[in-house]
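Asker: Next up is a structure, given as structure tokens.
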Amino acid sequence: MDKNKQQTIISGLYLVSTPIGNMEDITFRALNILKKSDIILCEDTRRSGKLLSYFKIKNKLMAYHKFNEKKISGKIIDCLKKNKIISLISDAGTPAISDPGMMLVNKCVNEKLGVHPIPGSSAITSAVSISGFSDQYLFYGFLTKKENELEKILKSLCNLNYSIVFFIPAKKINFYLLEFKKYFFDRKIVIAREMTKIHEEFIRDKISSIKTVVDNLKGELTVVLSQKIGKNNVKNEIDESVKIEINEMIKKYSHRDVVNYISKKNNLSKKIVYNYCLRLKK
């Protein structure tokens, strides 16, 4: 590249995307910014230290994570007002996306200090691109572990006809798969793990038929649910085995939940299932 055409690096906060696994995915521009930064903010100084060491970058690292961001944000703002170049990186991917940084960005905006994106690797777009699902997608991020809140969230999401992307801790994947079966029964799923690494793996299935995943996985998974999959030839008669299932479910779950679950699982008209549930309650 012609040096005269390189972007001038001015003072401000730079949100620098880092590799999600493979070190070779970092950009030339990201390396240039990091080398010229007065301070590099990071979640884990040990982990980020390995990345910087790999590229022979020796700038000052400062821990910036959810436990201290409120405390040190003022100090960072003061440095920016002194025309310092400060970079923010996460452990992997783009900062402030399901990672610390949004508080600092907002403080910079309020103080009219420069904030600059340095794009690069993203687990979100990487997973969507290989999913085969609609490229009209919603990124949600991490789901709550509290069942009551989770129920409200999934109920609101299940009616949206977009691909949906979640970050899920590997050790909790089977818990969330059971919840997905309740609300996204008619969709497909891709579970991406170790993307861009040696042991990269993509698990593809229908949510209705996917079984529990090996529970000794580590780290975080990127999970993509497909848009709604249309069903043809909806049945208008309830088999005896399904009636038995409804009889058992109606004792434990709401009328609405039973109708939604049974109609999706068995490709039945909701009206038929609803009327059968009404007769049972009478």
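Read the figures in this text as sums done on the coordinates, not as results from a lab. In this text, all values refer to a predicted model and were calculated from it rather than measured experimentally. Neighbour counts are summed over all protein chains in view; Cβ atoms, including those assigned to glycine, are modelled from backbone coordinates with ideal geometry.
Asker: Could you tally the net charge around GLU69, taking each other residue with its Cβ under 13 Å from the Cβ of GLU69, Lys/Arg +1 and Asp/Glu -1?
Answerer: +3
Asker: For the ranges 133-139, 246-252, 30-36, what's the packing order if you count other beta-carbon atoms within 10 Å of each residue, average per peptide, and put the highest first?
Answerer: Going by the mean number of other Cβ atoms within 10 Å, highest first, we get 30-36, 133-139, 246-252.
Asker: If you don't mind, there's one more thing I want to ask. With Cβ to Cβ distances under 10 Å as the rule, what net charge do the other residues near MET103 carry (K, R +1; D, E -1)?
Answerer: It works out to a net charge of +2.
Asker: Once you charge only the Cβ atoms, +1 for Lys and Arg and -1 for Asp and Glu, what is the size of the charge dipole of the stretch 240-281 about its Cα centre, to the nearest 20 debye?
Answerer: With Lys and Arg at +1 and Asp and Glu at -1, about 180 debye.
Asker: Across the stretch 134-139, in residue order, what do the Karplus-derived ³J(HN,Hα) couplings come to in whole Hz, using 6.51 cos²θ - 1.76 cosθ + 1.60 with θ = phi - 60° and x for Gly and Pro?
Answerer: 4, 7, 8, 10, 10, 9
Asker: Which whole-number percentage describes the relative contact order of the chain, with Cα contacts under 8 Å and a sequence gap of 6 or more?
Answerer: Worked out over the chain, it gives 17 percent.
Asker: Among the listed pairs LYS152/LYS264; LYS71/LYS172; LYS71/LYS155; LYS58/LYS172; LYS171/LYS251; LYS155/LYS270, which are separated by more than 26 Å between their Cα atoms?
Answerer: Pairs exceeding 26 Å: LYS71/LYS172; LYS71/LYS155; LYS58/LYS172; LYS171/LYS251.
Asker: Antiparallel DSSP bridges in the stretch 7-121: what percent, to the nearest 5?
Answerer: DSSP beta bridges in the stretch 7-121 are roughly 5 percent antiparallel.
Asker: Here's another thing I want to ask about it. When only DSSP loop residues count, what trypsin sites (Lys or Arg not before Pro) in the stretch 120-226 have their Cβ near at most 15 other Cβ atoms within 10 Å?
Answerer: In loop regions of the stretch 120-226 (DSSP not H, G, I, E or B), the sparsely surrounded trypsin sites (Lys or Arg not before Pro) are LYS145, LYS146, LYS197, LYS211, LYS218.
Asker: Name the residue farthest towards the positive end of the dipole of the stretch 1-86 from the options ILE76, THR18, ILE57, assuming +1 on Cβ of Lys and Arg, -1 on Cβ of Asp and Glu, about the Cα centre.
Answerer: Highest projection toward the positive end goes to ILE76.
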